[in-house]
Amino acid sequence: MNTYPKRVANNILPLSIAGNLPEAFQEWYFTDNMEDHLIAKEDCELCDQEKLRYHFEIENRNTRKRLWVGSSCIVKFQVQVFDDAGKVLDKKGAEKKLNELQRKMCYESCINALKKLAQAESNEILSNALNYYLKNKYLTPKFAFVVFWRLQKNNIDHSPSFFKVTLNRRKYKDDLKEMDTFKVHKFWKALSSGQKKTAERLGHSAPIE
């Protein structure tokens, strides 16, 4: 047995009744419990992968033992995932649910950062940005510049790539075009790959890492 399967076996079999991996994994299911550690510092308790930000809890229905793992292990080893009606999802459905839950945690992380910022500064623009994100789940370019500038200024923990920025209106593209490039760089990591290409077509350059 090579190193990876051996690590998995060593972590899962002592907590299971079955003596082999395929049968052991049939005993486990996703509890729907998740945890956002805010920074990527945790390990997967199944495969030992390092630097995970998000943990998903699985439980053995026979031994009641629990592990905190990465979502990829749940999909890879076909740990049971249930829908809202209690039906076991297939691999595609399980992956979709886990992705949706992770997106939800990303959204909540953004909202928490925006709330902290609104509390840190009595600023109508920041309050409006929070309300706008709560309603639309994205920021306009003008909001994005101010938000990321002030998040950095106030040393508020946030993940830029979790935020969404919209360019779905001509006005937003025009606003982006008219911005100084150093302002666009403030929220560059929040842009999708397609939006970055749009920004470059509008005359901006990618920041130098």
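The values are calculated or read from the model by the stated rules, or taken from the named source; none is laboratory data. As the structure is a prediction and not an experimental result, all values here were calculated from the model. Cβ coordinates were reconstructed from backbone atoms using ideal geometry, including for glycine residues, and neighbour counts include every protein chain displayed. Accessible surface areas use protein heavy atoms only, side chains included; no ligands, DNA or RNA. Shrake-Rupley method; radii C 1.70, N 1.55, O 1.52, S 1.80 Å.
List of remarks:
- Residue check for Gly194: among the small types (Gly, Ala, Ser) and under 18 Å from Tyr138 (Cβ atoms): yes
- Of all residues in the range 152-163, one or more are outside any loop (DSSP other than H, G, I, E, B) and farther than 22 Å from Lys197 by Cα.
- Picking from residues in the range 51-68 that are aliphatic (A, V, I, L, M) and under 22 Å from Ile17 (Cα atoms), the one that is surrounded by the fewest Cβ atoms within 10 Å (Cβ to Cβ) is Leu67.
- Applying a threshold of 9 Å to beta carbon distances and a minimum spacing of six or more residues, or different chains, the list of pairs starting in the range 1-21 at a residue that is open to solvent by 90 Å² or more (accessible area, probe 1.4 Å) and ending at one that is among the small types (Gly, Ala, Ser) reads Met1/Ala9; Ile17/Ala24.
One line per residue, one yes/no per condition, for (1) at pLDDT 95 or above; (2) within 28 Å of the chain's Cα centre (by Cα); (3) small (Gly, Ala, Ser):
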| position | (1), (2), (3) |
| --- | --- |
| Pro14 | yes, no, no |
| Pro22 | no, no, no |
| Asp32 | yes, yes, no |
| Cys44 | yes, yes, no |
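- The residues listed here are Lys115, Lys171; of these, the one that is more than 26 Å from Tyr54 (Cβ to Cβ) and modelled with pLDDT of 95 or more is Lys171.
- In the range 165-209, residue least open to solvent (accessible area, probe 1.4 Å) [restricted to those that are touching a residue at least 40 places away in the same chain (Cβ under 8 Å) and either out of contact with any strand residue (DSSP E or B) (no Cβ under 7 Å at 6 or more places or on another chain) or farther than 22 Å from Lys116 by Cα (or both)]: Val184
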